[in-house]
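**Q** Take a look at this one; I'll ask things after.
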Amino acid sequence: MSPATELTEKPAVRLALLGCGTVGTEVVRLLHEQADDLTARIGAPLELVGIAVRRLGRERGDLPIDPALFTSDALGLIKRDDVDIVIEVVGGIDTARTWLVEALHAGKSVVTANKALLAEDGGTLHDAAAQGGADLYYEAAVAGAIPLLRPLRESLHGDRVTAVTGIVNGTTNFILSSMASTGAGFNEALEEATELGYAEADPTADVEGFDAAAKAAILASLAFHTRVTAADVFREGMTGVTAGDMASAKEMGCTIKLLCIAQRGSGPDGDETVSVRVHPAMIPLTHPLAGVGDAFNAVFVEAEAAGPLMFYGRGAGGRPTASAVLGDIVAAARNKISGTRAPSESNYAKLRVRPIGESLTRYHISLDVAERPGVLATVAGVFAQHEVSIATVRQSGRADDAKLVIVTHSAPDAALAATVEALAGLDIVRSIASVLRVEGGAG
Ligand code: NDP
Ligand code: HSE
């Protein structure tokens with residue numbers, strides 16, 4: 001008798017799957033393909049006892065499962081006595097929250113990929129897990145296949161994380177990488193991303209930064225032991241990045257990425273704070289995130305003792321995301337068998353989330369100005385009035401028009417924003433062609 005056969009004599013850990021779309025389908029496939037290895041690793045077999053979907057009649061191809069497992073009654077499935085672990089790969093907020101709170105209160109562990117719910121109201125889920133004595137795992141919710149949340153939640157708990165900087169949205173990384181390599185504009189690159197199946201029919205959540213902001217909230221909560229929600233995250237999308245911005249970045253030895261940035265810092269009173277923001281930014285080509293192309297994700301973590309750490313891989317797609325879900329299922333199943341629990345939520349630090357105005361950053365500002373004596377001095381004076389120090393100025397001129405590209409030193413975002421507003425009010429400034437934040441030693 002093989003070790004795996006011996007183990008199958010132990011009672012099965014019973015799974016309810018909510019959702020059988022892009023991710024759920026691949027979860028089913030991996031559970032089937034890896035069944036013997038999973039049994040050996042867990043110490044008991046996994047048994048899928050039900051799958052909740054919206055459309056019972058939907059064609060589901062060659063999925064290796066008994067069609068009788070499907071139901072459209074997700075809540076009924078969760079409440080069944082023969083369910084130990086609930087896997088949620090549906091998405092959405094209100095209904096999913098009701099389902100997961102029900103499961104957790106009943107002591108059933110939850111594995112979810114639902115970043116929107118975790119970022120909006122992860123606290124409710126963590127509280128329900130604590131009350132029900134159940135596990136809450138969500139590795140797939142941020143950066144798909146990349147093992148990232150477990151390192152933050154466990155491996156780095158002896159250290160002090162100072163910053164997490166990441167490319168956590170594959171669609172926008174594909175668009176920006178394409179703009180950088182081909183010189184295309186945003187619309188053209190978005191069209192290509194849609195044709196290749198990276199961008200969804202409605203790309204708003206990706207290009208406006210909502211998806212990345214949800215992931216930023218989850219990362220910041222784990223890294224800084226503080227509940228951070230999507231509403232705490234400053235968010236600016238990347239639809240305004242032009243081919244001209246990309247060309248200007250190139251001239252400076254930089255590229256442009258949509259970054260999620262979560263940093264430990266201090267507020268005006270010296271109190272310890274965190275800042276969490278998502279926006280396009282120029283970074284030098286030498287930065288570890290600059291070479292992350294195509295639809296890949298990467299997250300750069302800095303911790304006091306560990307130093308810099310880089311996590312890289314596929315941030316989306318059915319099979320890569322299902323890999324992360326499976327890892328969580330194994331962890332939750334092992335805990336069920338051994339009667340142990342996952343590490344509970346750590347939110348003891350309760351750091352203040354500082355508003356964007358207090359964040360220290362640098363700006364790259366491109367201005368079309370009149371070409372006459374004193375213009376540069378007037379523009380420089382506006383920066384001085386707002387206590388913003390200029391790092392570099394480049395001028396290219398035509399007859400009576402000139403283009404000024406100014407990169408600042410680090411200053412509070414509020415001072416930089418006020419500087420731009422004041423520049424816009426000068427009659428010598430014909431237009432402000434672009435304003436981009438600069439990160440990572442660029443400029
Ligand atoms: P899909 O839209 O492909 O699948 C959603 C599934 O949920 C479908 O099977 C659908 O049923 C089912 N469903 C919808 N409403 C209900 C309901 N009321 N009751 C029961 N079932 C329902 O989504 P994805 O697989 O792409 O995403 C799932 C989750 O994973 C989301 O939270 C997403 O953010 C997250 N995620 C997705 C990634 C990806 O690459 N796709 C990457 C990382 C995270 P039916 O099949 O009948 O329509
Ligand atoms: N739309 C997301 C992306 C999917 O492009 O990265 C993963 O959350």
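**Q** Just for region 234-245: of the residues that are of a type in the set (G, A, S) and assigned to a loop (DSSP other than H, G, I, E, B), which one is surrounded by the most Cβ atoms within 10 Å (Cβ to Cβ)?
**A** Ranking the qualifying residues of region 234-245, first place goes to G237.
**Q** Another question about this same structure. Looking only at region 37-67, which residues are in contact (Cβ under 8 Å) with a residue 40 or more places away in the chain and not small (G, A, S)?
**A** L38, R41, I42, L46, R60, L63
**Q** While we're on this one: In region 197-214, which residues are of a type in the set (A, V, I, L, M, F, W, C) and either in the same structural domain as A119 (by TED's automatic domain parsing) or touching a Leu at 6+ places or on another chain (Cβ under 8 Å) (or both)?
**A** A199, V207, A212, A214
**Q** Still on this model: Give R54, R41 a once-over and let me know the one that is assigned by TED's automatic domain parsing to the domain that holds V13, surrounded by 13 or more Cβ atoms within 10 Å (Cβ to Cβ) and charged (D, E, K, R).
**A** Just one listed residue meets the conditions, R41.
**Q** Just one of the numbered conditions (1) among the acidic types (D, E); (2) touching an Asp or Glu at 6+ places or on another chain (Cβ under 7 Å); (3) within 16 Å of ligand 1 (Cβ to nearest atom) is not true of E304; which one?
**A** (3)
**Q** Just to be sure I understand, how many residues within region 257-286 are more than 17 Å from the chain's Cα centre (by Cα) and crowded, with 20+ Cβ neighbours inside 10 Å?
**A** Counting residues in region 257-286 that are more than 17 Å from the chain's Cα centre (by Cα) and crowded, with 20+ Cβ neighbours inside 10 Å gives 4.
**Q** Kindly establish whether A391 is in contact with a Gly (Cβ under 8 Å, 6 or more places away or on another chain), surrounded by fewer than 16 Cβ atoms within 10 Å (Cβ to Cβ) and either assigned to a loop (DSSP other than H, G, I, E, B) or not hydroxyl-bearing (S, T, Y) (or both).
**A** yes
**Q** Take the residues in region 363-388 that are in a helix (DSSP H, G or I) and aliphatic (A, V, I, L, M); name whichever of them is surrounded by the fewest Cβ atoms within 10 Å (Cβ to Cβ).
**A** A377
**Q** Got a sec? Which of A213, A193, A189, A140 is among the hydrophobic types (A, V, I, L, M, F, W, C) and under 22 Å from Q263 (Cβ atoms)?
**A** A213
**Q** Same structure again: Restricting to region 81-109, name every residue that is loosely packed, with under 14 Cβ neighbours inside 10 Å and in contact with a strand residue (DSSP E or B) (Cβ under 8 Å, 6 or more places away or on another chain).
**A** D82
Quick grid of which residues meet (1) surrounded by 22 or more Cβ atoms within 10 Å (Cβ to Cβ); (2) within 16 Å of ligand 2 (Cβ to nearest atom); (3) farther than 21 Å from A119 by Cα:
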residue	(1), (2), (3)
V142	yes, yes, no
R150	no, no, no
S155	no, no, yes
T162	no, no, no
T172	yes, yes, no
I175	yes, yes, yes
G183	no, no, yes
A201	no, yes, yes
F210	no, yes, no
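**Q** In addition: Kindly provide the set of residues from region 49-64 that are within 14 Å of I87 (Cβ to Cβ) and either more than 13 Å from ligand 1 (Cβ to nearest atom) or in a helix (DSSP H, G or I) (or both), ordered by number.
**A** Across region 49-64, the qualifying residue is only V49.
**Q** Under 9 Å between Cβ atoms, which residue pairs at least 6 apart in sequence (or on different chains) link something in region 17-33 that is in contact (Cβ under 8 Å) with a residue 24 or more places away in the chain and near ligand 1 (Cβ under 9 Å from one of its atoms) with a partner that is in a strand (DSSP E or B) and among the hydroxyl-bearing types (S, T, Y)?
**A** L18/T112
**Q** Within region 147-184, which residues are away from ligand 1 (no atom under 16 Å from the Cβ), closer than 17 Å to C254 by Cα and not small (G, A, S)?
**A** T165, I175, L176, M179, T182
The values are calculated or read from the model by the stated rules, or taken from the named source; none is laboratory data. Quick caveat: nothing in here was measured; it's all calculated off a predicted structure. Glycine also receives a Cβ, built like all others from the backbone with ideal geometry; neighbour counts cover every protein chain displayed.
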